[in-house]
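Right, one structure below, let's go through it.
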Amino acid sequence: MIIDLRYNGGGQDMMVKYICSYFFKERTHMNDMYERRTNQVYQYWTEPVNQSSIFSSMPVYILVNAQTYSGAEEFAL
């Protein structure tokens, strides 16, 4: 599977979590985000999805460039 994130300006962290959930069979820790204003840390985990076995077994190539930002960068990591 080829996912083209070139020229993608980003997206919401919850959407990144949702899409990533299709690529992991088990609940997987993705990221922590610190909010300085409230001094809180938010953890992001994938959630099990029935169809995840289809995508988790195939090779994935992610295309990025200098115009890939924010949520698209997080997804690519």
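List the residues, sorted by chain then number, that are 5 or more residues from ASN31 or on another chain and whose placed amide H is less than 5 Å from its amide H.
Counting only residues 5 or more places away or on other chains, the set is TYR44.
I'd like the Karplus ³J(HN,Hα) series for the range 11-23: coefficients 6.51, -1.76, 1.60, θ = phi - 60°, whole numbers in Hz, and an x wherever there's a Gly or Pro.
Each residue of the range 11-23 in turn: x, 7, 4, 5, 6, 4, 4, 4, 5, 4, 4, 6, 9 Hz.
Using only alpha carbon positions, build the gyration tensor of the chain, then give the equivalent ellipsoid semi-axes as the square roots of 5 times its eigenvalues, largest first, whole angstrom.
22, 19, 8
Out of residues 5 or more away from ILE62 or on other chains, whose amide H comes under 5 Å of its own, with H placed 1.01 Å from N in the peptide plane?
Excluding prolines and chain starts, which carry no amide H, the hits are ILE3.
Test of understanding: in a Gaussian network model of the chain with alpha carbons linked when under 10 Å, which of GLU47, GLU35, GLU26 would top the mean-square fluctuation ranking?
Per the Cα network of the chain with a 10 Å cutoff, GLU35 tops the list.
Go through the range 68-77 residue by residue and turn each phi into a ³J(HN,Hα) via Karplus (6.51, -1.76, 1.60, θ = phi - 60°); whole Hz please, and just put x for glycine and proline.
8, 10, 6, x, 5, 5, 4, 4, 5, 5
Of MET14, MET30, MET58, which is the most mobile in a GNM of the chain whose springs link Cα atoms less than 10 angstrom apart?
Judging by the Gaussian network model, the answer is MET58.
Each value in this text was obtained by applying a stated rule to the coordinates, not by laboratory testing. Everything numeric here is computed off the predicted structure, so don't read it as measured data.
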